[in-house]
Every structure is written in C-alpha cells, then in structure tokens.
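Structure first, commentary second.
The values are calculated or read from the model by the stated rules, or taken from the named source; none is laboratory data. None of these values were measured; they are calculated from a predicted model. No Cβ is skipped: glycine too gets one built from the backbone with ideal geometry, and neighbour counts run over all protein chains shown. Please note that ligands, DNA and RNA were not included when accessible areas were found on the heavy atoms of the full protein model with its side chains. Shrake-Rupley method; radii C 1.70, N 1.55, O 1.52, S 1.80 Å.
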Amino acid sequence: MRHRILFSHLIFALSGLAGLGYQIVWARQFSVGLGHEVPSVFAVIVAFFGGLAIGAWMLDGPIGRSRHPDRWYAALEFIIAGWALVTIALVPIVNDFASQRIGLDPSPIAHWTWAMVLPFVTLLPATVAMGATLPALERFVAAVRSRGRVVAGLYAANTLGAAVGVLMAAFLLLPNLGVMWSMITLAAMNLLCAAGILIVRPPGGPIEPPTITPIVDGIGRVRLGVTLFLTGALGIGYEVLGVRVMAQVLQNTVYSFACALSVYLIFTSLGAAIYHRHWREQPFRPLLTSLIIGLSSTCLLGIMVLARGPELHLMFQNAIGGGFTGAIIAEMIFAMLVFAAPSFFMGAIFSHLVEAAKHQGGGVGRAIGLNTFGGMAGPILFGIVLLPLTGARNAIALLALAYLFLIPERRPARLLPAVVPVVLLLLLPPHLVLVTTAPDGRVLEYREGLLGAVAIVEDANRNRALKVNNHFDMGSTVSLFLEQRLAHLPLFLHPDPERALFLGVGTGITMGAASIEPHIELTGVELVPEIIDVMHWFDPANAGVQNAPHATIHAADARRYVRASTHEYDVIVADLYHPARDGAGSLYTTEHFRAIRDRLAPEGIFCQWLPVYQLDEKMLRVIIRTFLDVYPDGFAIMASYNAETPCLGLIGSRSAVTFDSTWFERRVVERDLIEPLQQRRQALYTPFALFGTVIGDADGLRRYAGEGPRNTDQFPIVIHGAPRYAYAPQRAPHEQMRVLLERTDGSIASLFPDRDADEVRFTERLSAVHEARDLYLRGEAHRVENRPIDALALYIESAAVSSDFETSYAMALRVATDLARAGDEEIARTAFRALRDARPDRPEAEDRLRTLGQ
C-alpha cells in the first residue's frame, strides 16, 4: 500500500509541474496578442483560476460518489493533455480575433470583457480538468490509505511540482524548445500521469469511500466557506503586491518572476507538508488561530524586508559573486525573505481548512473551488484597487490586518499572541518608495500602478529623469540631445512625412522633437498609464507634446495597438526598449515587425532603436537577423557617436530606400529646418552629419548577423536571452560597436545607387566621413578606458581623414586643452601642432599654441 501512496504523490507532483508549466506558456502566448495592459495582465490569471475553481466545484459531487476515482483522474489528465495540444494552434487564432474585437481605443468595459472572456473560454476544457484532479486523486488515495486526511500531502506534492514547473518552463523549456515543443513535452507528462494512476490502482473491484470522522471543535459551514474564500484572496493578493514591490529591487526579467513565484510555491508546499506530517490531528480552532497570527505577522515583516530591499539584494549579490547564476541565486534569496514565511503559513492554513471542509461533509472540491474563486478576486482587489489607492505598504498592511478577522478563537488567553502583528504594525516603515536618487537629489513625484512604479527624480543641477521600477531610466533632460535625435534622424530619412507613430513615449522628448515640423500628425503609444500622467514634468524639453493639438497619446500595449490599427504612417519609431525587461522581447519578433510593415505608407520607413549597451552580440545578431527577414533592404544608423551607451537604429521600409547628394538640401535646408536644429544644438546641419550616421546597408548587416535562429512568437529567444547580459555583461558596449563596424565595413552602395560624377564625389566624401567616424569611435573607446593620450592620437587622425566630420576636431581640442591644464603642456603642444596641420582651415589649434607660447 505504501508504494501506491508514494507513487500517487509522485504522479501528482508531475501533474503540478505540467500545470504551472502550462500557465507560464499560456501567459506568454496570450501576452503577444492581448498585450501587457492591466486587463491583459489578469486575463490568464482569471482564466486559469476560474477554470480550476469551476472544475473543483462542479465535479466534486460526481467524483465523490464514484467508485472509480482512478478512472476519473486518468480521464482528467487525458483531457488536459489533449486540450493543451489544441491550444498550440488555437491561441494564435484567438489572439488575432482579440486584437480585432478590442480595437484601438476600447471602452474599459469592452477591454476587460474581451481580455477576460477569450482566454477563459479558450483554456476552459483544460483548466476545468485541472481543477478536478485534486478531488479525484484525494478520493483515490484516501480510500487506499483507509484514513481520510490526505489532502495536505497531495497538495504539498502538487505544489512542489508546480514550483519545479515554473523554473523548468522559464529556464529550460521555452528557451530551448519554444512554445510548441514545450507544450508537447508538458502534455506528455499528463499522459504519463494518466497511465501511472491506472497502473498503481489496487487490484480488485471498485474503490469504496473511506469513513470520515467529524471535527469536534470546527466552525460552521458558512464561516468556513467565507474563510476559504478570503484566505485565497488575501494569499494571492500578497503574492501580487510582493512581486510588484520586488520589481523595484530585482532585475524585473522573466527569470525574476520565475524565482519569486517558485519560492512562493516551494514554501507553500513546505507548509502543507509540515501540516500533513505534524499538525493534521491538532484541534481545529487553536491551530487555525496560531497559523493566522503567524501569517499576519510575517506579512508585516515582509514590508520591513521590502523597505530595505535594494541594500539587502546588493549585499546578497556581493556575497555570492557575479555571473548569471550568482545573480539568480541572489534574487532567490531575497524572494525567500519576502515570501518564505508567509507562504509557509498559507500552505498550512489551506490544508487545515480543506481537511475541515471534508470532515464537515462539504467536499474537498467545493472547498478548493471557494479558495480558488478567492484567488481570482485577490489580484483585482489588491493590484487594481488598493495598490494605486493606498500604495503597496498600506495595501499589505491592510491585508495582514484582514487575516486577523478570520481568527476563530474568542477566548482572551488564546488571542494574546495577536498582539504581535499589532506591535509590528506600529513599527512599519512609512512607505515602500524604493527610488535611488543622485546625491542631493529628490523625488518630485511617485506613482504606483500594477504595471510599474513611476518616479520623477531631480538632481542638484535640476536635471530630471523618469524612472520605472527604480531600474529602468526611461529618459531624462540630461540625454536631451540623444532623445531628440531619435526622432530627427528617422524623420529626415523620409522625403515628406505627414503622419508619425511613436511606440514608447517615456518622457515625451523624442515624440516632442518631431514638433520641429508642426504639420506632422503625431501619435504616441505608452504602455504604463502613470508615465503619461507625469510627462508634464519634462515640459518644455518635450515641447508640451502631451497637450499639443497635433499629437495624441494612447495608453496601450505597442503590439496590440499596431495589430489593431488600420492607419498608415509615413514614419514609425520604436523607442529604446529595455530588452531584458519581462515582455520586451516580444517587440523584436518577426510577427511584430511584419505587423509594423503593414502599417507603413507606401514610402513609409520604420526605425527600431536598439540599446547596444544592453545587448550581447548574440542577441543583437538575432534581432538584426529577424529584422532583415521582414525588411530585406534595411540598413542601420547610429543615434550618436557615444562609446559608453551606443544606440543602433534599424531602418526598414516596404521597398528599397535610396538617397542622393541633394536629399539633405531638399529635405532639411529648403524647409527652413537648419535654424530650429541649431537652436536645439542637434549638429545635423550638413548632409554628412545626417548620412554620417549610416553604419551599413543590408549586405553589411547580413555579414554581421550571419546565419542562425530568428526571434519569433513561437520561439521567443530574446525574452530569455537578453536578461543574461543584464545579469552579467560579457563585453563592453564600445567593443560591441567595434565588431559591428568592422563586419558591416561601411557598405552603403545600395543606398546611393546613382553613379554620375557628382554622386561619386559625394559618396567618396561620405566614405571618408565614415572612416573618420570609426577612428573617432576607437578614440572614444580609449577615453572610456581612461587612456586619454591614445584617444587623442585617434581623434587627430580622424580629423585629418575628413574635414566633413567635425566631431573629432572638437574632441581633440578639448582633450589637448585638458592635458595642458593638467600640466602635460608638451603633449598638448604636439597635439595642437598635429591638429593645425590636419585642419589648416580651422584657427582654434593655432590659437591654443599661441596661448601656450608655441
């Protein structure tokens, strides 16, 4: 008998592994169609929990009356496997339908309805079957064991398997197998569970139900049901709030979420296992009272841990060491501090309540259903209502206090330990605003929402920056020059733009820079609504674009917006997304690039900006390879000549784009844009300044990208690969650019096809500009490495190569002057002489020599 019981627990652990694996994969699948907006974030949670609750509730009676629970269980696992395989093809179809039905600007009711209903119905056959597996297996094991209290042990096994499933899906299945083969692998596990239970069933006839002994000191059925519902809501509420605050501490990648969720499940499993081993025969009321007080207290302690999150996490990172593995371990340890103790008590309380419900004759399934229905309500109550209204600190505190109202004991002596959470409440930190500022800096505004904690920070020089989740800088007035160029460069590569779409708005500085041509109709899409609310802090740097009559900003997911839109745009600019951020990888897929191509006007161009300083070479090549599949005539530009934070722009269009020597005159000079550019100090005053940013055409990019996999919705490489660089950078950004420039080799022939004499002379001068630019960037690399003399030599060499590339001459003057001030006058003299000889048309070097006395 013992081996049958053990094997049953192993089967249920495998079932839990598959179940949470499905949830991770389904969430990833639906996110690319429904987006990452608030309704969509809850869609899979509601669908999953809703189906579980319905299955547990509705099938509890039939399973309980059946004399063949093993057959029920096998059938349920077969249904899960079969429908999971169906969803491989079904979910993309539903995603397409969802984008059409939700539309561009849906009403809140319509958005919530479609986002909730479609995943719920799509997954319902599998989730209903999942919900009934615990009642079925509990019925089987209880009969085999001949003692009724087996819920906790099975729940512990299933939840531990679920924790493994989360880690396996995030770290192994999806990165290596993709969506389809991950689903097939998980379905095979369900089939093994079905076959296993039929093998392990005892010989003989039907299985008779065990005798159930009523609980002597229990509580009424209504109160027990309410307690089950509320503990489900409060438990998932704590998880949602904890993950939300931890996003300001951890890297907020797909692995961060997997670490947090797996810790939550592991210790929930441990709580159920300890209950099963040591507490299941304890009196109901005293035990429940002690567990609830412990849970309330540890939730409040979680606030204290979260308040010191940044320093604790940094301490763990320094103690463990660098590298991807060390970073993941540090995140796991911090998640344990927040989740371990509360989830331990949650696992024990759930087991205690479900066992009580069974022994009251209410049925295991209905008890599980009530708890799971509560789990559906928790994220909405705490994530949508209380988090923005009260802040994370107060929401968790209210949650912890709410647990105390569920205490069944009323005798003063038994309630004395409840003083502990009351005392802890008085010791709580005043807030959970985890925002790092510069010395003498301050936080101007802070807003908490489900999609991110948004902060406006200002330094001592009154420079302002937008931060999301304390990690992601979404723009600042310090980077005004760069952010404006992110708009000007792609706009000037179109002959006559009238409509422009900006995917990712942030501070609004980039979108506002397009106001240099006020006739252009601007549309912006920003995922986090709170960002739009705080854009006014960046006026006038963003030209007040949030209130401009020719501009419209939508709070929406970029992918969903593009798929739902029917408009055509002359220019589409995709912002500098943070590739490691959970969900950002889906913005670099073949499917998304195709959807953008469909929104381009006949002569329209698309610019995808890439932060090279946040990508390793492997991920950069994957993205370029994917881009070229959709835009085979694409080419690349650089936003500025910066070695520390280089930004690459991939330019694509419906058909090949070509230029000539008169393009800049027609596009910029004749439209009287030089003076506005000078006012903004944009240094785009000549055709060589504009086209000097070109790195290479499609042939050069293909040489760099080489052969290899593409980033697709079915095989999401970037979402799992980019975080590895965020955790452990392998190569300096300037080295990345050096390799890119070497392999593209400045190929521009296809962009300037005319070969008459004037055009040949122009392209020869442009090639010289590119050569000078590359020398300058090598010098910048030396400067970053604190080698100013080596940098100066390359600046001077660059200045000698091309008089059209002014940047190197200016930088050489600056470095040589700094050396002279530092006492290295002889080196400075030599540098000024070399500059004078390289650029005899410029008087500055000669003037510096006179100042130094030749």
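Given the criteria surrounded by fewer than 19 Cβ atoms within 10 Å (Cβ to Cβ) and not acidic (Asp, Glu), does residue 20 qualify? Walk me through it before giving the result.
Details: surrounded by fewer than 19 Cβ atoms within 10 Å (Cβ to Cβ): no; not acidic (Asp, Glu): yes.
Spelling it out, it is not the case that residue 20 is surrounded by fewer than 19 Cβ atoms within 10 Å (Cβ to Cβ) and not acidic (Asp, Glu).
Using beta carbons and a limit of 6 Å, which pairs, at least six apart or on different chains, have the first residue in segment 730-749 and in contact (Cβ under 8 Å) with a residue 12 or more places away in the chain and the second one of a type in the set (Gly, Ala, Ser) and in a helix (DSSP H, G or I)?
734/781; 744/700; 745/700; 747/700
Need pairs with beta-carbon distance below 8 Å; first residue closer than 16 Å to residue 639 by Cβ and within segment 568-584, second open to solvent by 30 Å² or more (accessible area, probe 1.4 Å) and part of a strand (DSSP E or B); sequence gap 6+ or separate chains.
571/499
All but one of (1) assigned to a helix (DSSP H, G or I); (2) modelled with pLDDT under 95; (3) open to solvent by 10 Å² or more (accessible area, probe 1.4 Å); (4) β-branched (Val, Ile, Thr) hold for residue 184; which doesn't?
Among (1) assigned to a helix (DSSP H, G or I); (2) modelled with pLDDT under 95; (3) open to solvent by 10 Å² or more (accessible area, probe 1.4 Å); (4) β-branched (Val, Ile, Thr), the lone unmet condition for residue 184 is (2).
Test residue 306 against the stated conditions and say whether it is of a type outside the set (Gly, Ala, Ser) and touching a Leu at 6+ places or on another chain (Cβ under 8 Å). Explain how you work it out, then say what you get.
Details: of a type outside the set (Gly, Ala, Ser): yes; touching a Leu at 6+ places or on another chain (Cβ under 8 Å): yes.
Here the answer is yes, as residue 306 does meet what is asked.
Starting from residues that are farther than 29 Å from residue 365 by Cβ and assigned to a loop (DSSP other than H, G, I, E, B), keep the ones in segment 228-287 and report whichever is most open to solvent (accessible area, probe 1.4 Å).
251
Enumerate the strands (runs of 3 or more DSSP E) found wholly within segment 446-514, keeping only those where 2 or more residues are open to solvent by less than 10 Å² (accessible area, probe 1.4 Å) and β-branched (Val, Ile, Thr).
Numbers: elements: 452-458, 464-468, 472-476, 499-503.
The strands (runs of 3 or more DSSP E) meeting that bar are 452-458.
Among residues belonging to segment 546-572 that are assigned to a helix (DSSP H, G or I) and open to solvent by less than 50 Å² (accessible area, probe 1.4 Å), point out the one that is nearest to residue 645 (Cα to Cα).
As a first pass, look at segment 546-572 and keep what is assigned to a helix (DSSP H, G or I): 546-547, 558-564.
Subsequent filtering for residues that are open to solvent by less than 50 Å² (accessible area, probe 1.4 Å) retains 546, 558-562, 564.
Details: 546: 27, 558: 24, 559: 26, 560: 29, 561: 29, 562: 28, 564: 34 Å.
Applying the filter and picking the extreme gives 558.
Starting from segment 589-615, keep only residues that are farther than 15 Å from residue 567 by Cα and among the hydroxyl-bearing types (Ser, Thr, Tyr), then list their pairs with residues that are open to solvent by less than 10 Å² (accessible area, probe 1.4 Å) and assigned to a helix (DSSP H, G or I) whose Cβ atoms are within a distance under 7 Å, requiring at least 6 positions of separation or different chains.
Taking only residues 6 or more apart or on different chains, the pairs are 589/626; 590/626; 590/630.
Inside segment 581-608, can you point out the residues that are within 16 Å of the chain's Cα centre (by Cα), of a type outside the set (Phe, Trp, Tyr) and farther than 20 Å from residue 507 by Cα? If you could, list the steps in order and put the result at the bottom.
Narrowing segment 581-608 to residues within 16 Å of the chain's Cα centre (by Cα): 581-589.
Those left that are additionally of a type outside the set (Phe, Trp, Tyr): 581-587, 589.
Listed by number, the residues that qualify are 582, 583, 585, 586, 589.
This table checks each residue for (1) among the hydrophobic types (A, V, I, L, M, F, W, C); (2) closer than 15 Å to residue 18 by Cβ; (3) open to solvent by less than 10 Å² (accessible area, probe 1.4 Å); (4) more than 30 Å from the chain's Cα centre (by Cα).
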site: 134; (1), (2), (3), (4): yes, yes, no, yes
site: 137; (1), (2), (3), (4): yes, yes, yes, yes
site: 143; (1), (2), (3), (4): yes, no, no, yes
site: 160; (1), (2), (3), (4): yes, yes, no, no
site: 176; (1), (2), (3), (4): no, no, no, no
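So residue 543 clears everything in (1) touching a residue at least 40 places away in the same chain (Cβ under 8 Å); (2) open to solvent by 30 Å² or more (accessible area, probe 1.4 Å); (3) outside any helix (DSSP H, G or I); (4) in contact with a Gly (Cβ under 7 Å, 6 or more places away or on another chain) except one condition, right? Which one?
(1)
Looking at segment 515-526, which of its residues are open to solvent by 50 Å² or more (accessible area, probe 1.4 Å) and under 27 Å from the mean Cα position of the chain (by Cα)? Reasoning before the result, please.
Taking segment 515-526 and keeping what is open to solvent by 50 Å² or more (accessible area, probe 1.4 Å), we get 518-519, 521.
Within segment 515-526, none qualify.
Output the number of the condition that residue 800 fails; it satisfies all remaining conditions of (1) crowded, with 20+ Cβ neighbours inside 10 Å; (2) modelled with pLDDT of 90 or more; (3) of a type in the set (Gly, Ala, Ser).
Just one mismatch for residue 800, condition (1).
Evaluate the following for residue 8: is it open to solvent by less than 50 Å² (accessible area, probe 1.4 Å) and over 30 Å from residue 380 (Cα atoms)?
Numbers: open to solvent by less than 50 Å² (accessible area, probe 1.4 Å): yes; over 30 Å from residue 380 (Cα atoms): yes.
It is true that residue 8 is open to solvent by less than 50 Å² (accessible area, probe 1.4 Å) and over 30 Å from residue 380 (Cα atoms).
Could you tell me how many of the residues in segment 71-113 are within 26 Å of residue 586 (Cβ to Cβ), assigned to a helix (DSSP H, G or I), open to solvent by 40 Å² or more (accessible area, probe 1.4 Å) and not β-branched (Val, Ile, Thr)?
So the answer is 11.
Could you check segment 329-429 for helices (runs of 4 or more DSSP H) lying wholly inside it with 3 or more residues that are buried (at least 24 other Cβ atoms within 10 Å of the Cβ) and hydrophobic (A, V, I, L, M, F, W, C)? Give the steps one after another, and end with the answer.
On the way: elements: 364-378, 387-390, 392-404, 412-415, 419-426.
Here the list reads 364-378, 392-404.
Which of the following residues is within 12 Å of residue 618 (Cα to Cα), open to solvent by 30 Å² or more (accessible area, probe 1.4 Å) and assigned to a helix (DSSP H, G or I): 731, 724, 702? Please lay out each step first, then the result.
Values: 731 fails: assigned to a helix (DSSP H, G or I); 702 fails: within 12 Å of residue 618 (Cα to Cα).
From the options 731, 724, 702, the qualifying one is 724.
Can you find, within segment 299-312, the residue that is nearest to residue 422 (Cα to Cα) among those that are part of a helix (DSSP H, G or I) and open to solvent by 20 Å² or more (accessible area, probe 1.4 Å)? Don't jump to the end; show me each part of the working.
Initially, segment 299-312 is screened for residues part of a helix (DSSP H, G or I), giving 299-307, 309-312.
Going one step further and asking which of them are open to solvent by 20 Å² or more (accessible area, probe 1.4 Å), we end up with 301, 304-305, 307, 310-312.
Numbers: 301: 12, 304: 14, 305: 17, 307: 19, 310: 26, 311: 27, 312: 25 Å.
Residue satisfying both the conditions and the ranking: 301.
Does residue 243 satisfy being β-branched (Val, Ile, Thr), under 17 Å from the mean Cα position of the chain (by Cα) and under 18 Å from residue 49 (Cβ atoms)? Write out each step before concluding.
Values: β-branched (Val, Ile, Thr): yes; under 17 Å from the mean Cα position of the chain (by Cα): yes; under 18 Å from residue 49 (Cβ atoms): yes.
Spelling it out, residue 243 is indeed β-branched (Val, Ile, Thr), under 17 Å from the mean Cα position of the chain (by Cα) and under 18 Å from residue 49 (Cβ atoms).
Output the residues belonging to segment 573-630 that are part of a helix (DSSP H, G or I), aromatic (Phe, Trp, Tyr) and buried (at least 21 other Cβ atoms within 10 Å of the Cβ). Full working, then the answer.
From segment 573-630, those part of a helix (DSSP H, G or I) are 584-588, 590-598, 612-614, 617-630; that's our starting set.
Applying the additional criterion that residues be aromatic (Phe, Trp, Tyr) yields 588, 593, 613, 627.
Those that are part of a helix (DSSP H, G or I), aromatic (Phe, Trp, Tyr) and buried (at least 21 other Cβ atoms within 10 Å of the Cβ): 588, 593, 627.
Checking residue 65 against (1) crowded, with 19+ Cβ neighbours inside 10 Å; (2) modelled with pLDDT under 95: exactly one of these is not met. Which one?
So residue 65 meets the others, but not (1).
Can you pull out every residue in segment 660-686 that is farther than 19 Å from residue 637 by Cβ and of a type in the set (Val, Ile, Thr)?
Selection gives 662, 669, 674.
Given the conditions (1) open to solvent by less than 40 Å² (accessible area, probe 1.4 Å); (2) over 22 Å from residue 255 (Cβ atoms), and given that residue 716 satisfies all but one, which numbered condition is not satisfied?
Residue 716 satisfies every listed condition except (2).
Identify, please: which residue in segment 751-773 is small (Gly, Ala, Ser) and either touching a helix residue (DSSP H, G or I) at 6+ places or on another chain (Cβ under 7 Å) or on the phi > 0 side of the Ramachandran plot (or both) and is, among those, surrounded by the most Cβ atoms within 10 Å (Cβ to Cβ)?
Going through segment 751-773, the residues small (Gly, Ala, Ser) turn out to be 757, 767-768, 772.
Checking the rest, the ones that are also either touching a helix residue (DSSP H, G or I) at 6+ places or on another chain (Cβ under 7 Å) or on the phi > 0 side of the Ramachandran plot (or both) come to 768, 772.
On the way: 768: 17, 772: 26.
The extreme case among them is 772.
Checking the condition modelled with pLDDT under 90 and touching a helix residue (DSSP H, G or I) at 6+ places or on another chain (Cβ under 8 Å), which residue from 654, 667, 680 passes?
Values: 654 fails: modelled with pLDDT under 90; 667 fails: modelled with pLDDT under 90.
So the residue among 654, 667, 680 that is modelled with pLDDT under 90 and touching a helix residue (DSSP H, G or I) at 6+ places or on another chain (Cβ under 8 Å) is 680.
Which residue, of 606, 538, 593, is more than 20 Å from residue 701 (Cβ to Cβ), touching a Ser or Thr at 6+ places or on another chain (Cβ under 8 Å) and either modelled with pLDDT under 95 or not β-branched (Val, Ile, Thr) (or both)? Full working, then the answer.
Numbers: 606 fails: more than 20 Å from residue 701 (Cβ to Cβ); 593 fails: more than 20 Å from residue 701 (Cβ to Cβ).
When all the criteria are applied, what remains is 538.
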